[in-house]
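Working notes, structure below.
The values are calculated or read from the model by the stated rules, or taken from the named source; none is laboratory data. All figures in this text were calculated on a predicted structure; none of them were measured in a lab. Please note that ligands, DNA and RNA were not included when accessible areas were found on the heavy atoms of the full protein model with its side chains. Shrake-Rupley method; radii C 1.70, N 1.55, O 1.52, S 1.80 Å.
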Amino acid sequence: MTAPMERIQALDAIEKDVINCLMSAGQALMELSKEKSSQKHAEGQTDAFLKTLAHVESKLTEQINYLTQVSTGQPHEGSGYASQKVLQMAWHRLEHARSRVNELERIKNKHLQGGRAHVSRQQQAALTSGGACQQTQSASSNVPSQVGQSQSMSGSTG
C-alpha cells in the first residue's frame with residue numbers, strides 16, 4: 001500500500017478512536033446522571049475514555065510530527081515530498097532553458113537572414129565589379145600576347 005493511503009487510513013482510525021472516546025465520556029456522564037448510578041460502571045467508562053484519549057493524543061502527535069517534517073522539507077522516511085519538489089523545480093528550470101534556447105535560436109536566425117541579404121548584395125556587387133575587372137584583365141592580357149606575337153613575327157622576318 002502507498003504511504004499516502006496508509007496516512008489516510010491512520011487518520012481514519014484516529015477519527016474512530018475519537019468517536020469511541022466521546023461515546024465513553026457520554027456513557028460515563030449518563031451513568032453519573034442516574035439517580036442510582038453504578039460507580040463501577042462509571043469508573044469503567046471513565047477509564048475507557050482516558051485510555052482512548054491517550055491513544056488519540058499519541059497518534060495525533062505522530063501525524064503532526066510527520067506533517068512538520070514534510071512542510072519544512074527535512075528528509076524523513078517514507079515521504080517523496082522533497083524529491084517531488086526537486087523534480088518540479090528541475091522541470092521549471094528545463095522549461096526556462098528551453099524557452100531561452102528558442103529565443104536565442106530565433107535571434108540567431110534573424111541575424112543570419114539579415115546577414116545573408118547583406119552578403120548577397122556584396123556578392124552581387126563583387127560579381128558585377130569582378131566581371132568587369134576580369135574582362136579588363138582578359139583584354140589587357142591579350143594585348144601583350146598579341147604584341148609579343150607581333151614582335152616574334154617581326155623578329156623572325158627580320
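Annotations
- The 3J(HN,Hα) values that the Karplus relation (6.51, -1.76, 1.60; θ = phi - 60°) gives for the range 30-47 are, in residue order, 4, 5, 6, 7, 6, 5, 10, 8, 8, 5, 5, 5, 5, 5, x, 5, 5, 5 Hz. Gly and Pro appear as x.
- Three-way shape call for the range 1-67 based on the alpha-carbon gyration tensor, with the a/c threshold at 1.5: prolate
- Surface analysis of the range 5-89 yields an accessible area of 77 Å² per residue, using protein heavy atoms and a 1.4 Å probe.
- At the residue level, residue 96 shows approximately 120 square angstrom of accessible surface with a 1.4 angstrom probe and all protein chains present.
- Accessible surface, 1.4 Å probe, highest first, among residues 29, 94: 29, 94
- Area accessible to solvent at residue 46, 1.4 Å probe radius, in Å²: 60
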